[in-house]
Structures are given as structure tokens and as C-alpha cells.
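So the structure is just underneath, and the comments pick up after that.
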Amino acid sequence: VQLVESGGGLAQAGGSLRLSCAASGSTASANAMGWYRQAPGKQRQLVAAITSGGGSSYYVDSVKGRFTISRDNAKNTMYLQMNSLKPEDTAVYYCNVGTYSGGSYYPYDCWGQGTQVTVSS
């Protein structure tokens, strides 16, 4: 699977950005996709995940109520709508494919190149 992120950029605190992840190819065993982020000097962190049919999703507590994950299977594209952005949301955002089971997301070692999100105060 090839994953290509887009939509990052510079936003002011309180603003919004929408990230997209276009997927091509196939990983037959994957039943979910996720968004991760990595800030300088920090570990990569799962931000949100969604199952193939969109019926289940997960959000890290710090983005609940502000971010919305969605997908359009006809376009093989996943999205992350980010509202009420905060400076601490500044990071490189990566999309990923994996599996979602028992309320947990298990990433495959398959990543996009990342897209930078910078939120100014």
C-alpha cells in the first residue's frame, strides 16, 4: 500500500485544517486506517483511527471534540478534520493502515511521507 498525505500547513490557534490521505494498492488483512503525529523530540502518537466501514473510530483524549476522522472508500481516501487547533497540535502528521480490534488500533509498518501542521499562538 502507498499512502500520500496532504493538507498540512500553517494555522492560527483556533483555526482549522483538513488532512487527506490517499491510499493505493491493497493490504487485504487491514481493516482500519489511522492518523499519527510526531512532534519534535517526541514519540509518534496515534491521534485517531477508523475502521474500513467507518462504523468504529478512536480518538486520543487530547483531540476529542475537536478532530473528526472519516473516509471515502470510493476514493480510497481518509480525512482528518481538525478544528479549534492548538499550538500543541503542531507536529508532522502521518497516515497508516492497520487493524482495529477490541477498541485498539494495531498499525502495520506502512506509512506515508507525512504532512507538517504548524499552529501558531
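Bear in mind these aren't lab numbers, they're just calculated from the coordinates by the rules spelled out. Note that this is a predicted model, so its numbers are computed, not measured. Because the Cβ atoms are built from the backbone with ideal geometry, glycine has one as well, and the counts that use them run over all protein chains shown.
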Next on the checklist: Connecting C-alpha atoms closer than 10 Å in a GNM of the chain, tell me which of ASP61, ASP89, ASP72 has the biggest fluctuation.
Outcome noted: ASP61
Checklist outcome for this item: Extension length gain for THR68 and LYS86 (0.36 nm per residue less Cα distance), in nm, is 5.0 nm
Checklist outcome for this item: For the stretch 50-58, in residue order, the Karplus 3J(HN,Hα) values (coefficients 6.51, -1.76, 1.60; θ = phi - 60°; whole Hz; Gly and Pro = x) are 8, 6, 4, x, x, x, 10, 9, 9
Next on the checklist: Skipping prolines and chain starts, which residues have an amide H placed within reach, meaning under 5 Å, of the one on ARG71, given they are 5 or more residues away or on another chain?
Outcome noted: TYR79
Next on the checklist: I want to check the label-to-label distance for SER29 and LEU10. Put each point 7 Å from Cα in the C-beta direction and report it in nm to one decimal.
Outcome noted: 4.4
Checklist entry - Given charges of +1 on the Cβ of Lys and Arg and -1 on the Cβ of Asp and Glu, with all other atoms neutral, how large is the dipole of the chain about its Cα centre, in debye to the nearest 20? => result 140
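Restricting attention to the stretch 26-121, which trypsin sites (Lys or Arg not before Pro) occupy a DSSP loop and are surrounded by at most 11 other Cβ atoms within 10 Å?
LYS42, LYS64
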Checklist outcome for this item: Within the chain, the cysteines whose Cβ lies no closer than 4.7 Å to any other cysteine Cβ are CYS110
Checklist entry - For the stretch 1-22 and the stretch 58-82, what is the separation of their Cα centres, given in Å? => result 11
Item to check | In order through the stretch 59-69: 3J(HN,Hα) via Karplus (6.51 cos²θ - 1.76 cosθ + 1.60), integer Hz, x for Gly, Pro | outcome: 9, 5, 4, 5, 10, 4, x, 10, 10, 9, 9
Next on the checklist: With θ taken as phi - 60° and the coefficients 6.51, -1.76 and 1.60, list the Karplus ³J(HN,Hα) couplings across the stretch 106-119 in order, rounded to whole Hz; mark glycine and proline as x.
Outcome noted: 10, x, 7, 7, 8, 10, x, 7, x, 9, 7, 10, 10, 10
